[in-house]
Amino acid sequence: MRIFSLVAFALLLELLLGPPSAAFAQTQNMTSWQVTRHVDTPLTQAALNVAFEDANRKVRLDNEHCSDRPCQLNIVQLGELGTYGSAGDGGAFIDNESRLEAAFNAPGRVSVVTSIGYCGGEYNESIIGCGQCSGGNFVVEADSGGHVYVHEFGHNQQDLLDCGHRNSCDNNIMRWQINSQSDALTTSECSMLTGINAHEWCGEMIMLSEPEWFNWVTCPIYLPPDGPWNGLFVTKPFDEWQFRSGMTLTSNGEFSTPGGLVYMYSNSREKDLPGLRLLENGRLGIKNGGQIRFD
Amino acid sequence: MRMYKKLAALAIGVVYFSGTTLLAQSPSELEARIENLVLAHHIHGIDYLEANALGPNAIPVLLEILEDESLKEYWVNTVVTLGFIEHSNALEPLIEFLYSREGEVGVKTVRALSAVPFAVGCIASNGDPEAFSFLRNGAEGHLQPGWTFGAEDPVRLLAGKSAIGLAVSGHPQGREALDRIEQQRGALLEDSGLMSYVATARMLASRLETEPRAAIFNPSFSERQGERP
């Protein structure tokens, strides 16, 4: 049996950063956030792009440590990075009720400031995010990671944990304390964030007819060489397949897409995820019972 | 002899059941606790109870972090933790840290510098007169650091933060100082932009009269009391 190893292409980065095509956008759940920074808070568009990329990765990938479900949600920036406040007015430091209100009232959903010391009646100079409970705004410190954005967006959603936290596992993104490894979401949390839960594939033999467009493979896929498929697996354009680390695709046939991109990638926690992209009319052949293993 | 043995057993029992407050933990254990707490980002802020439990032996280790430029993104956590320990050994080093920078500073550094009055306010909860002296000076606009941050006025910033520090002391001296600020500065408070600080300080001071300190510093304190799954 020949084993093929995937080479890292950083295709996932392209997937997340590139503007979606019209077809891709139609099949994706998207949430658009307008972002403003206080005029005295240094934040570049490039740094904001990094935060959005991180936020997208956090919601979409499976966290194997905690009970997690990949969540298809495309978080995009609405418009350009704006500013609010006036130079020297002190509003870059959220350390009293008045300034917090000003940040929440700034245009858009997200306000970025230099420092947060006050949030909802409590005071702690090491706070890094503050969200309106069931409201339309949240505030984060400049240089916050994507997990902070998603956590505070979670507090904006009505009925998501009653504006509370889920502390059952260290890497829950809605835990009361989170870190850069926090990315675990339940199916209900995904839905409340306006995302779509990935369709889970599991089974030694999978007969694929009309696959869901966002698939999460938790068991190896076997394409039988005989029978109606003759080892040929055809999937729709712009489908997305996320393989849990260690899963395999075994066949004596071909994997193809008839007329558009199909993304296949492992949910490895590495930054530049290895991925496979079948281009238009692309075909991938696996012979003699070979495997592709997604690590 | 029997009485001697009984007394010895009693002493051993007292030491055993008193836990780590009497039995000194190893330096490596303390450093590990500090690292786990301070060298991480806390979306809702450093946990007051966890920081307070570190005790004064943690102060030298924390001060080393403040001297390590590679860890500046965690300096604000370090300053807050030094405050939450609420021991006067940290007062002078914190004030030195506030005046240790010259010229324009970056975001990570200014977060830590501007957190010093809050930390001093926490130390003032033990009644330290030097801490209150610092905070009164700060609230009256007499702190003159050598650093700048963009268009921000550091003197006004530290004045507001000092008002907050007086409040979080939870001490009668802190409330009295806030009273004097309002009485003496009056209309100047609005002009100086301090009115909103004083309003928030009053709210915090009022809460500290009836609620535990942890409830003021950690928004999830009451939630964790019920251990929501």
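Values quoted throughout were computed directly from the atomic coordinates according to the rules given, and no laboratory measurement underlies them. Predicted model, so just to flag it, every value in this text is computed and none were measured. Please note: Cβ atoms are built from the backbone with ideal geometry, for glycine as well, and neighbour counts cover all protein chains shown.
Some points to look at:
- Cross-link partners of residue A:58 among aspartates and glutamates, defined as those whose alpha carbon lies under 14 angstrom from its own and excluding same-chain residues fewer than eight positions apart: A:68, A:152, A:183, A:189, A:270, A:272.
- Under the combined filter of DSSP loop state and at most 13 neighbouring Cβ atoms within 10 Å, the stretch B:82-114 retains these GluC sites (Glu not before Pro): B:102.
- In straight-distance terms, cross-link reach from residue A:287 covers every one of the aspartates and glutamates whose alpha-carbon lies under 19 Å from its own, apart from those fewer than eight places away in the same chain; here that gives A:204, A:226, A:254.
- Residues of the stretch A:233-270 with amide N under 16 Å of a point placed 7 Å along Cα→Cβ from residue A:288: A:251-253
- Projected label points at residue B:206 and residue B:40, each 7 Å from Cα along the beta carbon direction, are separated by 3.6 nanometres.
- Figure legend: label point modelled 7 angstrom from the Cα of residue A:179 along Cα→Cβ; residues of the stretch B:60-92 with amide N under 19 Å from it are B:62, B:65-66, B:70-82.
- Cα-centre dipole for the stretch B:85-130 with unit charges at Cβ (Lys and Arg positive, Asp and Glu negative), debye to 20: 260
- The stretch A:139-201: Rg to Rh, with Rh as the Kirkwood radius over Cα pairs: 0.96
- Here's how it looks for residue A:241: its modeled amide H is under 5 Å from those of A:215, A:263, A:264, A:265, which are all 5 or more places away or on a different chain.
- Three-way shape label, the stretch A:66-137, alpha-carbon gyration tensor, a/c 1.5: oblate
- Inter-label distance, nm, simple model (7 Å from Cα along the C-beta direction), residue A:134/residue B:176: 4.5
- Fully extended contour minus Cα-Cα distance, from residue B:57 to residue B:126, at 0.36 nm per residue: 23.1 nm
- Seen from residue B:128, the other residues with C-beta closer than 11 Å to its C-beta sum to a net charge of -3, counting Lys and Arg as +1 and Asp and Glu as -1.
- Projecting the Cα atoms of B:178, B:106, B:206 onto the charge dipole of the stretch B:79-224 (Cβ charges, centred on the Cα centre) puts B:206 farthest toward the positive pole.
- With an a/c value of 1.5 or above and a/b not larger than b/c for the gyration tensor axes a ≥ b ≥ c computed over the alpha-carbon atoms, the stretch B:26-174 is described as oblate.
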